[in-house]
Structures are given as structure tokens and as C-alpha cells.
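What follows is a set of notes on a single structure, which appears directly below.
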Amino acid sequence: MTKLLSIWCIVIGTLWLSLGASAQSEIVIDDNTIDASSVVYDGIDVSNYQKDIDWSATAKDKNIKFVYVKATEGANHRQHRYIYNIENARKHGIKVGSYHFFRTTSSVEAQFRNFISIVKPEDQDLVPLIDVETRKGWTGEQLADSVKAFADMLEDYYGCKPMIYTGASFYNSFLCRTLKGYKLFIARYSKSEPRLNDAKWTLWQFSERGRIAGIDHYVDLSRFNKGCGLKDILIKNNAVSGHRRRNVMNEVKEVPPPRKVQVDEKQDVPMSAKQRERLKKEQEKAEKEAKKRAEKEAKEKKKEQERIKKQREEQEKRQREQLKKQQHEQQEKLKKEQERKEKLERERQERLEKERKEKAKKEQLEKDERARKQAEQQKRINELEKKKAADEKKKASEKKKAALAEKYNRTSANQQNVNKGKRINQSTADNE
């Protein structure tokens, strides 16, 4: 009977703790938002809430040195825009990291499996980030221990300590003793910086109402603490020396079903029939719940596998379409380039033909001019020769006339002598 009473006390105490813990609401962060239009910020974080992001435009914001992208939540939820955001942010030169929203309604192992299923180490520039905002159903000690176990798993898998995201008061109340030594990303939407009991924060998320180019919705803005920078959250700067990534997936086992309540057959005081009946019902109920939970997990696992398969097929389809688009664009580009070259060649040929015609025309004009000048010169030569011939003819005629005149003059002189009775010279031509 003593042992039975002890069991019931444990059960009742556990139920009381669960009920008391479930009344704890999510963390409350100061909502004194500030105007982020003129403030300095170093990075942002995004999720499905921001919808489609134009990373080419966002990357032009020189303030943004990093971006944390939400990947998973709990044991089953995965962000359908995660791969798009990671690939495109990194493609445009922004350092990227991934974060998981930690839920108390799922086991640590299930949440770990969920996170590593889509967050590939080769796609990460920044250390993993654990988003801790609620302890619903758990005590503060249970929450801190579970987050620490989750952080250890991530460190074994990715080779670096993860960073913890939470609110200042939430950290001081539930996490400070267990998670001391981890880099902290603290949310406090206020003009005053966060204050922690036993640690120095690395990043401060000071506003949830930032407006960034390429993002249509509000986005969280964060800045580094004094003395901290991008180097403090890069994986390569925080890698464990000599780390060799273990296959943690093979080491993670399924969460065992609730332990059956064992009845001690050798107890001194025998249990009453009513007590036995009650324990039997509890045992049957526990078995049914375990079976139901196992079926649910199997169904969720199958559903998740189908979702991953569909996501992979969609990704491959997008890649094929993108490749096809790139090939088409390349072909169009080559075609335009070929057309441009052909146009330039045609213009060159036309220019050469025009120059050739102009040159031929010029040469013809020069040839005609030379011919004209030669004709004019020949005409002048002909005129000179003609004039010379006329002059010579005239001179010959004048010479002939002179000879005739001289002859006539000599004949007249001899005649005059004959008339006068004088003897004429027989040797002269007049005697003849």
C-alpha cells in the first residue's frame, strides 16, 4: 500500500506540475517599437511571413551583413520558402544562417531530426540559431535542459556551438544558469539595450517594424553588440577544432512509449480489486496512447516524407524550368549577338562599297580632268603648230615675193642699160 500511495503521489505531482506549467504564456518582449527608418542595423531574419522576397533588391542594402532564415518549427513544420530564401540570399552575396523555433510539445530528438532534414551544413555561413520563446507545459528547468540537449546535438552535427535567440526577461528567468556560455541573440523592442544577469549578448533584435527594399512586409532589424561582429557568428570562426561530424541521425532513437505501471506481486499488503482495476485501466490507456502516438508519428513521418518528396520534385522542376529559361535566354542572347554582328558586317560592307564607289567616282573625275587637260594642251599644241605652219608659210610666201621682186628689179636695171646703149654683163641673170 505504501508503494501504491507513492506511485499515486508521483502521478498527481506530475499532473499538477504540468497544469501549472501550461498556464505559462509565451515570452513577453517590450513592445515599445521604434522608428527604424534612420537607425543603424547589421542584419535581418525572415520567415514565410515575409512571403516572396526580391533578394537582388535586398542585397543592395549595404547595412545587411547577414540574414537568419526560419527553417523549421517543432517536430513537423518546415518553411516552404526556406530553400528559396537560403539559395537566393546566398546567391546575392549575403551571409546566411538557419533557425529553428523550439516547441515544448515535441521531443528534442524529433525536433533535431526535423531541423537537419532540410538545413544542410554546406549551405550555411552562420552558426545555427535556436529560437526559444515559450515553456508551455514544462518547468523552467525542463526547458533549459531540453534546449541544452538540443544545442549539444546541433554542435555535434554542425561542428559549432549554436546561438540562442530569446527575450531578455525570459533568459534571465529560465535559461541563464543552464545556457551560460552560448552566444545570445536577444529580442527587446525598445530604445534601451537588453540587460542579462550572467552574460553578454552578441546580437540585439531592437525592432520588428523595419522596412527593407525587396521585402513587402515588416522585417525584424538587429545589430551587433559593441566589440562583436560578423566574425562571431560565422561557422568557420566557431568550428570546433578537429571536429569530425558524427552521423547523429543514426544515434537518435525513437522516443520510447510511456513505461507500463508494474504491479509488485510480492508486496506485503495486497492491492484491492478496485485498485487493481484502476491500474489495469491506466495501463490499457497508456498502451492505447502509446499505440496511437506511434501511429500518429508513423503517419506524420509518412506525410513528411511525401512532403519532402514533393518539395524535392518541385525544386527539381523549378531547377529544370530555370535551366530551360537560362538556356532560352542564352540562345536569345546568342541570337541577338549574331544579329548584331551580321548587322555590323552589313554596315561595314555597305560602308566599304560606298567608299569604293566614291573612290571610283573620284578616280573617274580625276581621269576625266586629266583627259580634259590633255585635250586642252593638245589643242594648244595644235594651234601653236598651226600658227607656226601659217607663219612659216607666210614667211616662205614673203621670201618668194621678195625673190620675185628682186628678180624683177634686176631685170629692169639691165633693160635700162640696154636702152641707154650700154653693154650689159653677160654673166648676170638678165643676159640669159
What the Cα atoms of the range 188-230 span along the principal axes, largest first and in whole Å, is 38, 22, 13
First obtain the Kirkwood hydrodynamic radius of the range 340-417 from its Cα pairs, then insert it into the Stokes-Einstein equation at 25 °C and 0.890 mPa s, and state the resulting D in µm² per second as a whole number.
131 µm²/s
Go through the range 104-114 residue by residue and turn each phi into a ³J(HN,Hα) via Karplus (6.51, -1.76, 1.60, θ = phi - 60°); whole Hz please, and just put x for glycine and proline.
7, 8, 10, 6, 4, 5, 5, 5, 5, 4, 4
How far apart, in nanometres, would the label points at Arg293 and Glu350 be if each is projected 7 angstrom from Cα along the Cα-to-Cβ direction?
8.2 nm
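For a Förster distance of 25 Å, can you work out the FRET efficiency between the beta-carbons of Arg320 and Asn48, rounded to the nearest 0.05?
After rounding, the FRET efficiency stands at 0.55.
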List, in the order given, every pair from Lys51/Lys91; Lys136/Lys231; Lys310/Lys335 whose Cα-Cα distance in the structure shown is over 27 Å.
Lys136/Lys231; Lys310/Lys335
Which order results if Thr58, Thr104 are arranged by neighbouring Cβ count within 10 Å, fewest first?
Thr104, Thr58
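Could you please rank Tyr49, Tyr158, Tyr189, placing first whichever residue has the fewest other Cβ atoms within 10 Å of its Cβ?
Tyr49, Tyr189, Tyr158
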I need Arg90, Arg340 ordered by Cβ neighbour count within 10 Å, fewest first.
Arg340, Arg90
Can you tell me the length gained on complete extension of the stretch Lys200 to Lys359, counting 0.36 nm per residue apart and subtracting the Cα distance?
48.8 nm
For Lys191, counting only lysines whose alpha-carbon sits under 21 Å away and dropping same-chain residues fewer than eight positions off, the answer is Lys200, Lys226
Any idea how far the Cα center of the range 193-210 sits from the one of the range 328-380, in Å?
75 Å
Point-to-point label distance, Lys148-Glu277, nm (Cα→Cβ direction, 7 Å offset):
4.6 nm
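The numbers here are math on the coordinates, done by the rules we state, and not lab data. What you see is a predicted model, and the numbers here were worked out from it, not measured in a lab. Every residue, glycine as well, gets a Cβ built from its backbone with ideal geometry; the counts of neighbours run over all protein chains shown.
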